[in-house]
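Colleague: Pasting a structure below so you can have a look.
The values are calculated or read from the model by the stated rules, or taken from the named source; none is laboratory data. Just so you know, these numbers come straight off a predicted model, no measurement behind them. Every residue, glycine among them, receives a Cβ derived from its backbone with ideal geometry; neighbour counts consider all protein chains shown. Remember, those area values only see protein heavy atoms, side chains included, never the ligands or the DNA or RNA. Shrake-Rupley method; radii C 1.70, N 1.55, O 1.52, S 1.80 Å.
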Amino acid sequence: MRTSHTLVYLADAGAVDRGTLGGKASALAELLAAGFPVPSGIVVTAAALDDADLDPKLAAAADRVGGGRFAVRSSGTAEDLADASYAGLYETYLNVSPPELGDAVRRCFEAETSERVTVYHDRRGGGPTGMAVLVQEMVDAVCAGVAFTAHPVTGDRDQTVVTAVAGLG
């Protein structure tokens, strides 16, 4: 879904449709609005790809949110569905400097049409997808991981699976 929004500050993202922001950015905006500590950031919508001034706009937005390094991650509209999870299929770039943001954002968007995503999507029956890219201040992690509230292979909701590693994920 195209929108007139190209860059949305995470603090303002609660007012923007989930179909524009993707699941990850929308969930983080909800957590931020509820008072949880969420690193500041920017959501780059698909409409930004048509913006010839994307790089200078990203630089200005990065300056506004602070931080010298950023995490650039996908925020797909089809991530974390009841019958499919695109987690790990898209791209993530860590420790990105402000001058590198435009390139990292474009590479994130390109991952949406990669062979591995296309094959997975087709096996799940297709359907509409979309993506935004989340740019957040980089956090120097002591550890990183993911928690699945249902077993990621069997779907059993009586099992929670947590995987974690020391340092950056």
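Colleague: With respect to Leu101, is the statement that it is open to solvent by less than 30 Å² (accessible area, probe 1.4 Å), touching a strand residue (DSSP E or B) at 6+ places or on another chain (Cβ under 8 Å) and either at pLDDT 95 or above or of a type in the set (A, V, I, L, M, F, W, C) (or both) true?
Modeller: It is true that Leu101 is open to solvent by less than 30 Å² (accessible area, probe 1.4 Å), touching a strand residue (DSSP E or B) at 6+ places or on another chain (Cβ under 8 Å) and either at pLDDT 95 or above or of a type in the set (A, V, I, L, M, F, W, C) (or both).
Colleague: Please determine, by comparing only the residues of region 143-157 that are of a type outside the set (Val, Ile, Thr) and open to solvent by 70 Å² or more (accessible area, probe 1.4 Å), which one is farthest from Leu94 (Cα to Cα).
Modeller: Arg157
Colleague: Would you list the strands (runs of 3 or more DSSP E) that sit entirely within region 13-97 and hold 1 or more residues that are open to solvent by 60 Å² or more (accessible area, probe 1.4 Å) and touching a residue at least 12 places away in the same chain (Cβ under 8 Å)?
Modeller: Of the strands (runs of 3 or more DSSP E) lying wholly inside region 13-97, those with at least 1 residues that are open to solvent by 60 Å² or more (accessible area, probe 1.4 Å) and touching a residue at least 12 places away in the same chain (Cβ under 8 Å) span 70-76, 92-96.
Colleague: State whether the residues of region 123-130 include one that is surrounded by 15 or more Cβ atoms within 10 Å (Cβ to Cβ), closer than 20 Å to Thr6 by Cα and either acidic (Asp, Glu) or at pLDDT 85 or above (or both).
Modeller: no
Colleague: What pairs can you find where one residue is in region 118-142 and farther than 25 Å from Leu94 by Cα, the other is open to solvent by less than 50 Å² (accessible area, probe 1.4 Å), and their Cβ atoms are less than 7 Å apart, with a gap of 6+ or different chains?
Modeller: Correct list of pairs: Arg124/Ala84.
Colleague: Would you check which residues across region 158-167 are surrounded by 10 or more Cβ atoms within 10 Å (Cβ to Cβ) and not small (Gly, Ala, Ser) and list them?
Modeller: Answer for region 158-167, where residues must be surrounded by 10 or more Cβ atoms within 10 Å (Cβ to Cβ) and not small (Gly, Ala, Ser): Gln159, Thr160, Val161, Thr163, Val165.
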